[in-house]
């Protein structure tokens with residue numbers, strides 16, 4: 001008689017990713033009242049903006065975060081998606097802290113990009129991994145010698161170069177020409 005094969009449950013396969021998703025939602029609810037309560041308490045404009053942006057920046061990234069997280073979990077690796085999701089959450093939790101400690105009333109300091117760009121890179125890394133696996137049968141993590149962190153680091157540098165180099169150049173030299181005020 002052949003041994004019975006026991007298939008893993010959905011909870012066993014995707015429980016880690018579900019936990020990351022739940023932690024994201026809890027974090028969002030923790031951030032949600034920061035701005036409105038600062039306004040009710042008549043705090044400074046900088047503090048109100050800090051609270052509002054802490055929550056709204058998280059919301060702006062939510063579709064990209066959840067889409068990339070779950071696509072990666074389903075098509076590449078649920079365990080790796082959970083790891084990447086935890087790293088994302090740590091970076092996300094640092095957003096209001098970095099602003100508060102280093103920017104305060106002046107707003108998000110430039111050092112803030114050192115915590116936001118890796119989040120964007122995690123999302124991009126995950127979707128590129130899905131495209132490579134489904135479209136070409138390639139393993140993105142193996143391209144980085146089995147290190148997801150190395151891949152995310154490279155994607156962070158690449159995305160920062162794209163945003164701060166390519167887009168900055170285009171903003172000044174191409175796009176600005178379409179937005180000059182007419183005299």
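The values are calculated or read from the model by the stated rules, or taken from the named source; none is laboratory data. These numbers come from a predicted model, not from an experiment. Neighbour counts run over all protein chains shown; Cβ positions are idealised from the backbone, glycine included.
If you go through region 16-36 and keep only what is in contact with a helix residue (DSSP H, G or I) (Cβ under 7 Å, 6 or more places away or on another chain) and over 30 Å from residue 72 (Cβ atoms), you end up with just 35.
Looking at this structure, is residue 129 over 27 Å from residue 55 (Cβ atoms) and either touching a strand residue (DSSP E or B) at 6+ places or on another chain (Cβ under 8 Å) or surrounded by 13 or more Cβ atoms within 10 Å (Cβ to Cβ) (or both)? Write out each step before concluding.
On the way: over 27 Å from residue 55 (Cβ atoms): yes; either touching a strand residue (DSSP E or B) at 6+ places or on another chain (Cβ under 8 Å) or surrounded by 13 or more Cβ atoms within 10 Å (Cβ to Cβ) (or both): yes.
For residue 129, the condition - over 27 Å from residue 55 (Cβ atoms) and either touching a strand residue (DSSP E or B) at 6+ places or on another chain (Cβ under 8 Å) or surrounded by 13 or more Cβ atoms within 10 Å (Cβ to Cβ) (or both) - is met.
Please find, among 115, 75, 55, the residue that is within 17 Å of residue 24 (Cα to Cα), modelled with pLDDT of 95 or more and in contact with a helix residue (DSSP H, G or I) (Cβ under 9 Å, 6 or more places away or on another chain). Steps first, please.
Details: 115 fails: modelled with pLDDT of 95 or more; 75 fails: within 17 Å of residue 24 (Cα to Cα).
Unique residue meeting the criteria: 55.
Can you tell me which residue is nearest to residue 35 (Cα to Cα) among those in region 98-129 that are in a helix (DSSP H, G or I) and in contact (Cβ under 8 Å) with a residue 60 or more places away in the chain? Out of the qualifying residues, it is 105.
Hey, does region 60-67 have a residue that's more than 18 Å from residue 108 (Cβ to Cβ) and without any contact (Cβ under 8 Å) to a residue 40 or more places away in the chain? It would help to see each step written out before you state the result.
Pass one, region 60-67, residues more than 18 Å from residue 108 (Cβ to Cβ): 62-67.
Subset that is without any contact (Cβ under 8 Å) to a residue 40 or more places away in the chain: 62-63.
Yes; the residues of region 60-67 include at least one that is more than 18 Å from residue 108 (Cβ to Cβ) and without any contact (Cβ under 8 Å) to a residue 40 or more places away in the chain.
Among the residues of region 34-59, the ones that are surrounded by fewer than 17 Cβ atoms within 10 Å (Cβ to Cβ) and more than 21 Å from the chain's Cα centre (by Cα) come to 10 in all.
Of the residues screened, residue 82 is not one that is part of a helix (DSSP H, G or I), over 15 Å from the mean Cα position of the chain (by Cα) and under 29 Å from residue 142 (Cα atoms).
Of all residues in region 132-166 being in contact with a helix residue (DSSP H, G or I) (Cβ under 9 Å, 6 or more places away or on another chain) and over 21 Å from residue 87 (Cβ atoms), which is modelled with the lowest pLDDT? Among those residues, the one meeting the criterion is 164.
Within region 1-33, the set of residues being surrounded by 10 or more Cβ atoms within 10 Å (Cβ to Cβ) and not in a helix (DSSP H, G or I) comprises 8, 32, 33.
Looking at 107, 151, 158, 135, can you tell me which residue is under 30 Å from residue 12 (Cα atoms) and surrounded by fewer than 15 Cβ atoms within 10 Å (Cβ to Cβ)? Reasoning before the result, please.
On the way: 107 fails: under 30 Å from residue 12 (Cα atoms); 151 fails: surrounded by fewer than 15 Cβ atoms within 10 Å (Cβ to Cβ); 158 fails: under 30 Å from residue 12 (Cα atoms).
None of the other options fit; the residue is 135.
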